[in-house]
Amino acid sequence: MRRAIDSTKPDDFPPNIQAIFRRQAPCSAWLKQELLAVDVEEGWVRIAYDLGEPHFNRFGALHGGAIACVMDDVLAVAAGVILKWGEIAPTLEMKVSYLNQGGAGRHIAEARVLKRGRQVNFLEATLAREDGKVIATSTATIMIAPMKTPSAAQKPA
């Protein structure tokens, strides 16, 4: 069931969403990620990104790499909502199709799991300007893997 995310009640959501509220990834913060809605059963998420000058190319439009970064971010969250705690979802491959130019402002991305496997999942995503015009689509293959805990030698001092 799709439901809006209330950031004041993180404990109402799966552990992987709770983890985002506790410690947002630096890249997600750079993209100004805002979780909007989730469907755990379907493996679907809607996320807003507030994009601007730091995400532009030299011509004043959204840089293709920044768009790919948004797509990887939203796909990773969708992949994560269906995982068990202690599993991670590294991207094996991702394709981005650039359909229209994006600019400054709020953009909405949606991603969903298309097919679940034991070790590999397939996903798709769209990124649209706030006016609804789609600027990019993406597909990805992700692997389901156990999270490795750092050994004593690898832990930061």
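Taking a straight Cα-Cα cut-off under 15 Å and skipping sequence neighbours fewer than 8 places away in the same chain, the aspartates and glutamates within cross-link reach of K9 are E34. In terms of surrounding Cβ atoms within a 10 Å radius of their Cβ, C69, C27 rank from fewest to most as C27, C69. Restricting the range 53-157 to chymotrypsin sites (Phe, Trp or Tyr not before Pro) that sit in a DSSP loop and have at most 11 other Cβ atoms within 10 Å of their own Cβ leaves F59, W85. Relative intensity of the chain on a log10 scale, I(q)/I(0) at q = 0.12, 0.17, 0.18 Å⁻¹, equals -0.52, -0.99, -1.09, per a Debye sum over C-alpha point scatterers of equal strength in the absence of solvent. By other beta-carbon atoms within 10 Å, ranking D6, D39 with the fewest at the front produces D6, D39. Over the residues of the chain, the helix contribution to mean residue ellipticity at 222 nm works out to -6000 deg cm²/dmol, using -39500 (n - 2.57) for each DSSP H run of at least 4. Normalising the average separation of contacting C-alpha pairs (under 8 angstrom, six or more residues apart) by the number of residues puts the relative contact order of the range 56-157 at 30 percent. For the range 75-147, what mean projected area does the convex hull of the alpha carbons give, in nm²? Averaged projected area of the range 75-147's Cα convex hull equals 5.2 nm². Counting other C-beta atoms within 10 Å, and keeping those with at most 15, which DSSP coil trypsin sites (Lys or Arg not before Pro) do you find in the range 54-157? The qualifying sites are R58, K84, R116, R118, K133, K148. If the chain linking R23 and T8 were pulled fully straight, counting 0.36 nm for each residue of separation and taking away their Cα-Cα distance, it would gain 3.9 nm.
Bear in mind these aren't lab numbers, they're just calculated from the coordinates by the rules spelled out. Note that the coordinates shown come from a computational prediction; the quantities given were computed from them, not determined experimentally. Using ideal geometry, Cβ is built from the backbone for each residue, glycine included, and neighbour counts are taken over all protein chains shown.
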